[in-house]
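Contents: one structure, followed by commentary.
The values are calculated or read from the model by the stated rules, or taken from the named source; none is laboratory data. None of these values were measured; they are calculated from a predicted model. Don't worry about glycine lacking a Cβ; one is built from the backbone with ideal geometry, like all the others, and counts go over all protein chains shown. Protein only, heavy atoms only, side chains kept; ligands, DNA and RNA dropped before computing areas. Shrake-Rupley method; radii C 1.70, N 1.55, O 1.52, S 1.80 Å.
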Amino acid sequence: MSNSASSQPRSVDSRAVRPSPFLPHRRDWLKASTAAAVAGLGFVQQTAAQESRSPNERLNIACIGVYNRAAANIDGVASQNIVALCDIDDHYLAGIAKRFPQANKYNDFRVLLDREKTLDAVVVSTTDHTHAPAAVWAMRQGLHCYCEKPLTHSVHEARVVANTAKTHQVATQMGTQIHASDNYRRVVEIVQAGVLGPVREVHAWVANHWGGGERPTDMTETPSNLHWDLWLGPAPRRDYHSDYLPINWRRWWDFGGGTLGDMGCHYIDLPFWALKLRYPTAIEAEGPPPHAETCPIGLMVRWEFPARESLPPVKLTWYDGDRAPKEVAGRPVPGAGVMFVGDKGQLFANYGSYKLYPESQFQDFTPPPTTIPNSIGHYAEWLKACREGTPTTCNFDYAGALTECVLLGNVAYRSGQRLEWDAEKLLATNAPEASALIRREYRDGWTL
């Protein structure tokens with residue numbers, strides 16, 4: 001693939017990163033080690049060149065995206081060997097280079113993945129619209145992958161990413177860090193123990209918003225440190241404007257998914273986990289008239305899920321922005337949270353706490369026995385999985401289905417109608433025209 005001069009790596013000799021043909025690839029050795037561990041063999045026959053490569057050896061990791069949200073992700077894996085860094089902003093790269101001077105620097109993740117042949121894993125912390133290309137390209141090379149939420153920008157991408165992870169049997173984790181909290185685990189245990197009785201209704205909301213506005217017309221010059229065309233990636237071509245970066249891209253359909261895309265995977269994660277949700281059968285949404293380019297400043301979405309095992313069908317409702325509720329199930333609520341409504345009671349939860357209703361009924365409440373072990377840490381889970389093949393709680397199979405659910409809310413809103421959903425075919429059976437919102441077109445040079 002040809003690349004412009006601006007997309008070439010910084011301070012990299014491409015001849016130096018090719019592994020010796022006489023030594024096994026590090027990633028192949030780790031995959032073999034993982035396979036042996038999963039099979040219960042207890043040992044791996046090693047060559048002399050492999051003797052030092054124990055499960056405790058540091059992983060070779062590339063970080064795609066290095067600033068803002070990406071900085072926290074880098075902190076989460078900084079104990080490992082950071083061998084490559086990639087960002088479309090030269091200033092960001094220069095800043096992180098002070099911390100990891102030994103790492104090779106790139107502007108184009110495609111070049112990085114082509115040239116760095118000693119990698120074990122990648123961390124993808126780019127904007128939503130480039131999550132899937134970076135993750136899929138990496139996993140197809142056998143690399144373990146950590147990716148920020150939402151997992152992808154489109155419903156179709158979420159299915160491709162999940163299937164790619166399954167095919168290549170790599171360790172994966174989506175960046176819903178709050179999933180690792182003790183509080184979320186205790187809420188899941190309470191719901192699954194039947195304390196609330198059958199749950200047929202659940203609500204989730206966030207009062208902030210990413211939305212509104214028109215495409216800017218007073219165009220500004222692209223800063224010299226910014227590789228704008230690479231930032232656009234698979235998105236349609238448009239001129240740079242300071243309104244898009246560093247964070248307002250979230251309110252543009254070409255790059256983000258508004259408040260639902262930003263926060264849905266965090267708050268809907270809890271009912272998704274507790275109620276063993278997977279794919280909805282119907283989705284409908286309410287909001288202001290859809291704008292062709294920008295997300296709404298307030299949205300309400302309803303998903304219908306079928307019965308699962310012994311669990312009854314359930315309706316999940318999301319609210320954001322100016323549609324966030326002040327009261328749910330007759331209870332005053334703060335600006336963000338989740339409310340489970342069961343036949344025997346209700347449970348409100350946010351990131352750090354939970355409360356059962358009616359209060360008089362649960363005055364002497366004793367939590368059920370702990371059945372979900374506390375997490376060793378969201379990043380630590382993934383790093384352990386990369387080495388040992390152990391499970392992660394937000395692997396791309398789980399996270400892919402969660403992301404599909406979240407993004408279908410935006411599809412229903414933008415299509416302007418209730419969607420009858422066939423998850424197997426990725427098709428709204430009553431609205432085939434919605435397919436244009438399920439799978440997006442990529443610019444030349446960008447593909448899954």
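Identify, from the list Ala180, Ala171, Ala158, the residue that is touching a Ser or Thr at 6+ places or on another chain (Cβ under 8 Å) and under 20 Å from Thr447 (Cα atoms). Answer to the selection: Ala158. Look at the stretch 250-279: where a residue is on the phi > 0 side of the Ramachandran plot and buried (at least 24 other Cβ atoms within 10 Å of the Cβ) and a partner is modelled with pLDDT of 95 or more and of a type in the set (Lys, Arg), sitting 6+ places away or on another chain with Cβ atoms under 8 Å, you get Gly258/Arg250; Gly258/Arg251. Only one entry in Arg323, Arg331 is more than 20 Å from Gly257 (Cα to Cα) and over 23 Å from the mean Cα position of the chain (by Cα), namely Arg331.
Taking first residues from the stretch 143-171 that are of a type in the set (D, E, K, R) and partners that are assigned to a strand (DSSP E or B), the Cβ contacts under 7 Å between residues at least 6 apart in sequence or on separate chains come to Glu148/Val124; Glu148/Gly175; Lys149/Met174; Lys149/Gly175.
Scanning the stretch 191-214 for residues that are outside any loop (DSSP other than H, G, I, E, B) and out of contact with any helix residue (DSSP H, G or I) (no Cβ under 8 Å at 6 or more places or on another chain) returns Arg200, Glu201, His203.
Taken over the stretch 320-345, residues that are touching a Phe, Trp or Tyr at 6+ places or on another chain (Cβ under 7 Å) and open to solvent by 30 Å² or more (accessible area, probe 1.4 Å) amount to 1. Scanning the stretch 185-206 turns up no residue that is at pLDDT below 95 and either within 25 Å of the chain's Cα centre (by Cα) or open to solvent by 30 Å² or more (accessible area, probe 1.4 Å) (or both).
Among residues of the stretch 364-383 that are in contact (Cβ under 8 Å) with a residue 60 or more places away in the chain, those with a Cβ under 6 angstrom from a residue that is part of a helix (DSSP H, G or I) and open to solvent by 40 Å² or more (accessible area, probe 1.4 Å), sequence gap 6+ or separate chain, pair up as Asn374/Asp182; His378/Gln177. With respect to (1) more than 14 Å from Asn208 (Cα to Cα); (2) open to solvent by less than 20 Å² (accessible area, probe 1.4 Å), the lone exception for Glu284 is condition (2). Beta carbons closer than 6 Å, at least 6 apart along the sequence or on distinct chains, pair a first residue in the stretch 424-440 that is farther than 18 Å from Pro234 by Cβ with a second that is of a type in the set (Asp, Glu) and at pLDDT 95 or above for Thr429/Glu420; Thr429/Asp422; Asn430/Glu420.
Rundown of residues vs (1) over 24 Å from Ala72 (Cβ atoms); (2) in contact with a strand residue (DSSP E or B) (Cβ under 6 Å, 6 or more places away or on another chain), yes/no style:
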{"site": "Thr167", "(1), (2)": "yes, no"}
{"site": "Thr172", "(1), (2)": "no, yes"}
{"site": "Ala180", "(1), (2)": "no, no"}
{"site": "Val195", "(1), (2)": "yes, no"}
{"site": "Ala207", "(1), (2)": "no, no"}
{"site": "Thr220", "(1), (2)": "yes, no"}
{"site": "Asp229", "(1), (2)": "yes, no"}
{"site": "Leu245", "(1), (2)": "no, no"}
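When the residues of the stretch 97-118 are filtered to those that are without any contact (Cβ under 8 Å) to a residue 60 or more places away in the chain and under 23 Å from the mean Cα position of the chain (by Cα), which remaining residue is farthest from Ala70 (Cα to Cα)? Across the stretch 97-118, the extreme among qualifying residues is Leu113.
Scanning the stretch 274-306 for residues that are over 23 Å from the mean Cα position of the chain (by Cα) and more than 12 Å from Val411 (Cα to Cα) yields Gly287, Pro288, Pro289, His291, Ala292, Pro306. Of note, Thr366 does not satisfy the criterion of being touching a helix residue (DSSP H, G or I) at 6+ places or on another chain (Cβ under 7 Å), assigned to a loop (DSSP other than H, G, I, E, B) and open to solvent by 90 Å² or more (accessible area, probe 1.4 Å). Of all residues being open to solvent by 10 Å² or more (accessible area, probe 1.4 Å) and of a type in the set (Asp, Glu) in the stretch 381-404, which is nearest to Ile268 (Cα to Cα)? Just the residue, please. Only one residue fits best here, namely Asp397. Restricting to the stretch 407-434, and then to whatever is hydroxyl-bearing (Ser, Thr, Tyr) and over 22 Å from the mean Cα position of the chain (by Cα), can you tell me which residue is least open to solvent (accessible area, probe 1.4 Å)? Checked the stretch 407-434; the qualifying residue least open to solvent (accessible area, probe 1.4 Å) is Ser415. For Met339, state whether it is part of a strand (DSSP E or B), aliphatic (A, V, I, L, M) and in contact (Cβ under 8 Å) with a residue 40 or more places away in the chain. For Met339, the condition - part of a strand (DSSP E or B), aliphatic (A, V, I, L, M) and in contact (Cβ under 8 Å) with a residue 40 or more places away in the chain - is met.
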